[in-house]
Amino acid sequence: MSNESNRRDFLKQSGLLTGGVLLTSLPSFAGSYGFHNSADDTIKVALIGCGGRGTGAAMQALSTKQNVKIVAMADAFRDRLDDSYKNLNQKPDIAKRVDVPEERKFVGFDAYQKAIPLADVVILATPPGFRPMMFEEAVKQGKHVFMEKPVATDAPGVRRVLAAAEEAKKKKLNVVVGLQRHYQPNYREMIKRIHDGALGDIVGGSVYWVSGGVWVKPRQASQTEMEYQMRNWYYFNWLCGDHINEQHIHNIDVANWVKRGYPVSAQGTGGRQVRTGKEYGEIFDHHMVDFVYEDGTLINSQCRHYEGTYSKVDEQFVGTKGRVDSFGQKSVLKDYKGNAIYTHNGKGDGNPYQIEHDELFAAIAKGDYKFQDAENGAKSTLTAIMGRMATYSGKMVKWDEALNSNIDLFPEKLAWDAKPKILPNADGFYPVAIPGKTTAV
Ligand SMILES: NC(=O)c1ccc[n+]([C@@H]2O[C@H](COP(=O)([O-])OP(=O)(O)OC[C@H]3O[C@@H](n4cnc5c(N)ncnc54)[C@H](O)[C@@H]3O)[C@@H](O)[C@H]2O)c1
């Protein structure tokens, strides 16, 4: 029996499908939230945060085998939404699945609240500072979620995501987090073998995101401070969480995955050596952190944004029986004599950004409850934030202290004329953390 007939049978038996029409108000019984509530088999998607990644994720959702349609788009800025809509309409195969008339394009800080009710699945791809409130809302409304990493920028945000993750589990909502290495065949195969003991016990490792950095959008005279920070979200912690959180989370998360746990403490160093101008807001340009796990394993994490220097985005681990030096396209687990224990040749492996959507939408169409990524997403986000707390303060930070921190970076009010908590001085420079002086938690 095909999955679709399975699903239709289930709906018929459960009384949800009457004369081919699916009742939109679902009675509360276990599993009911596992089904999207369209009258046909269309899975309706709302895209929230129509930037580079959001548009990419939308295209991936529309490239799955299921009957997926984008029915609503939401962004803080009209120009970003329009660019995304234009991009989504460039390829005929994708364009025919874009059904977003003017009345379903929403702009502003409250745009997400208007888009979420219209969909079965929401894609959350705004800067991460907004993720907790948007994820909370999507779960409250019983939606399946694809949300980008990181899932917060401070501990209060992490706690909100953890609470909503529990709620999502109760409602059996599939949640995929864009930590796409979990959907990348070489990581899956290598880490499965590491967990099966191929390298013995993992006793140390290093994880890296050392690269050149990202864009700056020059200040415009007409902009309020809120608009300037929103356009340059990367450089403000309430929006981004610093690059240890925004990018390096990928590698830190791999360490947590390999160790099957989260570090108990972090201490490290960091600062601004190269990227010191006022256009770089408040974030550091380098961080180096020792994360210590419950069994004493030390994972060294290194991230920096320096133009014109050596680049490396990778992870390596040492075990009692062997090591892995890279998760590159051809990755090898080897013993200490240099013999390969397992070689993964990634040639022909699928694109993990596509796989995460293929698997999510297949599960939703079948009525399966398969993905609960939010808790790990929140805990890996907290790991990165704990690293930032350590580098900003120069103090040793324990996991529970990080989790219970009341440092709340989010503005009191969201409006274009409202003031973010971090403001520039008379010369346009923002306050930057000073180790030894800045409060850790
Ligand atoms: N998994 C990956 O490899 C990967 C790659 C790139 C980006 N990302 C993540 O995706 C997210 C977005 O990054 P991006 O590169 O697309 O940035 P971007 O600036 O291109 O897009 C962000 C979009 O969100 C919009 N936005 C901001 N605040 C909003 C709000 N309150 N409501 C609605 N829309 C809002 C912005 O206007 C913008 O269009 C980030 O969390 C980033 O870390 C993940």
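The values are calculated or read from the model by the stated rules, or taken from the named source; none is laboratory data. None of the values given here were measured: they were computed from a predicted structure. Cβ coordinates were reconstructed from backbone atoms using ideal geometry, including for glycine residues, and neighbour counts include every protein chain displayed. For accessibility, only protein heavy atoms count, side chains too; no ligands or nucleic acids. Shrake-Rupley method; radii C 1.70, N 1.55, O 1.52, S 1.80 Å.
With respect to the conditions (1) touching a residue at least 60 places away in the same chain (Cβ under 8 Å); (2) within 16 Å of the ligand (Cβ to nearest atom), Phe106 lacks only one, and its number is (1).
For segment 285-304, filtered to residues that are of a type outside the set (D, E, K, R), in contact with a Phe, Trp or Tyr (Cβ under 9 Å, 6 or more places away or on another chain) and without any contact (Cβ under 8 Å) to a residue 40 or more places away in the chain, the residue that is surrounded by the most Cβ atoms within 10 Å (Cβ to Cβ) is Tyr293. Scanning segment 108-118 for residues that are open to solvent by less than 60 Å² (accessible area, probe 1.4 Å) and at negative phi returns Phe109, Ala111, Tyr112, Ala115, Ile116. Pairs are defined by a Cβ separation below 9 Å, a sequence spacing of at least 6 or placement on different chains, a first member in segment 244-267 that is open to solvent by 10 Å² or more (accessible area, probe 1.4 Å), and a second member that is away from the ligand (no atom under 15 Å from the Cβ) and polar (S, T, N, Q); the pairs so defined are Lys259/Thr297; Tyr262/Asn256; Tyr262/Thr383; Gln267/Thr391.
Listed here are the strands (runs of 3 or more DSSP E) enclosed by segment 277-372 that have at least 1 residues being away from the ligand (no atom under 16 Å from the Cβ) and among the charged types (D, E, K, R): 286-292, 298-305, 312-319, 322-324, 330-335.
The rows are residues; the columns are (1) at negative phi; (2) touching a Cys at 6+ places or on another chain (Cβ under 7 Å); (3) open to solvent by less than 70 Å² (accessible area, probe 1.4 Å); (4) at pLDDT below 95.
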{"position": "Asp9", "(1), (2), (3), (4)": "yes, no, yes, yes"}
{"position": "Thr18", "(1), (2), (3), (4)": "yes, no, no, yes"}
{"position": "Asn37", "(1), (2), (3), (4)": "yes, no, yes, yes"}
{"position": "Gly52", "(1), (2), (3), (4)": "yes, no, yes, no"}
{"position": "Leu62", "(1), (2), (3), (4)": "yes, no, yes, no"}
{"position": "Ala72", "(1), (2), (3), (4)": "yes, no, yes, no"}
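Pro101 meets all of the listed conditions (1) open to solvent by 50 Å² or more (accessible area, probe 1.4 Å); (2) away from the ligand (no atom under 16 Å from the Cβ); (3) modelled with pLDDT of 95 or more; (4) of a type outside the set (Val, Ile, Thr) but one, namely (1).
Considering only segment 206-242, state which residues are on the phi > 0 side of the Ramachandran plot and in contact with a Ser or Thr (Cβ under 8 Å, 6 or more places away or on another chain). Walk me through it before giving the result.
At the first step, the residues of segment 206-242 found to be on the phi > 0 side of the Ramachandran plot are 213, 241-242.
Within segment 206-242, just Gly241 meets the criteria.
Could you count how many residues in segment 134-170 are away from the ligand (no atom under 14 Å from the Cβ), open to solvent by less than 30 Å² (accessible area, probe 1.4 Å) and hydrophobic (A, V, I, L, M, F, W, C)?
Of the residues in that region, 6 qualify.
For segment 47-70, taking the residues that are closer than 27 Å to Trp416 by Cβ and touching a Lys or Arg at 6+ places or on another chain (Cβ under 8 Å), the one that is farthest from the ligand (Cβ to nearest atom) is identified as Ile70. Scan segment 305-312 and give yes if some residue there is buried (at least 18 other Cβ atoms within 10 Å of the Cβ), within 26 Å of the chain's Cα centre (by Cα) and over 27 Å from Ala57 (Cβ atoms), otherwise no. The answer is no, given that none of the residues of segment 305-312 is buried (at least 18 other Cβ atoms within 10 Å of the Cβ), within 26 Å of the chain's Cα centre (by Cα) and over 27 Å from Ala57 (Cβ atoms). Could you check segment 171-224 and list, in sequence order, the residues that are open to solvent by 40 Å² or more (accessible area, probe 1.4 Å), charged (D, E, K, R) and touching a helix residue (DSSP H, G or I) at 6+ places or on another chain (Cβ under 7 Å)? Matches in segment 171-224: Lys172, Lys217, Arg219. Out of the residues in segment 120-133 that are open to solvent by less than 10 Å² (accessible area, probe 1.4 Å) and under 13 Å from Ala58 (Cα atoms), which is farthest from the ligand (Cβ to nearest atom)? Ranking the candidates gives Val121 first. Residues that are over 16 Å from the mean Cα position of the chain (by Cα) and not in a loop (DSSP other than H, G, I, E, B) were ranked within segment 212-254; the one that is farthest from the ligand (Cβ to nearest atom) is Glu225.
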